[in-house]
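Bear in mind that the values in this text are calculations on the coordinates, not laboratory data. What you see is a predicted model, and the numbers here were worked out from it, not measured in a lab. Here the Cβ positions follow ideal geometry from the backbone for every residue, glycine too, while neighbour counts run over all protein chains shown.
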Amino acid sequence: MSSASSSVRRIAATVLAAGAIVSAAALPAAAHDGDRHHQQRPRVEISRVQADSPGREDRSNRSLNAEWVEISNTTRNPINLRGWTLRDNDGNRYRFDNIRIAGRATIRIHTGNGRDTRTDLFQDRRDYVWDNRSDTATLRDDRGRTVDTETWGRRR
């Protein structure tokens, strides 16, 4: 009987040791999954900025519209941007009207004048907004919360 109970104890000890090893290995993975959940990419983000209008900066509408910011929806579902804002460091602000961005789509916000479409919006300005050397584009939702920022050059 002592050899049988000795075998049972060895098997029990082996099972407990294996359980402890599996638990220890699973714990960091579970903790990491929780961190990843909090660090997801934003649902809407500033995906590209063309701050320096190519060619001669002569304040023509063509040159102004060559300065733009792209906003991308990274989800599968459409998102309404009504009341959202896009700002620069100097306080220039563009406010989105009833603009719906499709899932996995991108829209481009041009500085100059033009006719808004599903993919291109126009701020209808007669002067440049984005500083060529350094600036920050800030996208805020309709509650004023910062959704995303894009900074280039040296900070002021």
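For this structure, a couple of remarks:
- Estimated FRET transfer efficiency when R0 is 22 angstrom, pair T74-D142 (beta carbons, to 0.05): 0.75
- FRET E, pair D90, S60, Förster distance 25 Å, beta-carbon r, rounded to 0.05: 0.70
- Here the Karplus relation 6.51 cos²θ - 1.76 cosθ + 1.60, evaluated at θ = phi - 60°, turns the backbone of the stretch 126-133 into coupling constants of 10, 8, 5, 9, 8, 6, 5, 7 Hz, with x for every Gly and Pro.
- Residue-wise HN-Hα coupling along the stretch 69-79, computed from phi with Karplus coefficients 6.51, -1.76, 1.60 (Hz; x: Gly, Pro): 10, 9, 10, 10, 9, 8, 9, 7, 9, x, 10
- Applied to the stretch 90-101, the Karplus parametrisation 6.51 cos²θ - 1.76 cosθ + 1.60 on θ = phi - 60° returns per-residue 3J(HN,Hα) values of 7, x, 5, 10, 10, 10, 6, 7, 6, 9, 10, 9 Hz, with x for Gly and Pro.
- Sequence-distant residues sharing a close amide H with L81 (under 5 Å, placed H): I99, R100, I101
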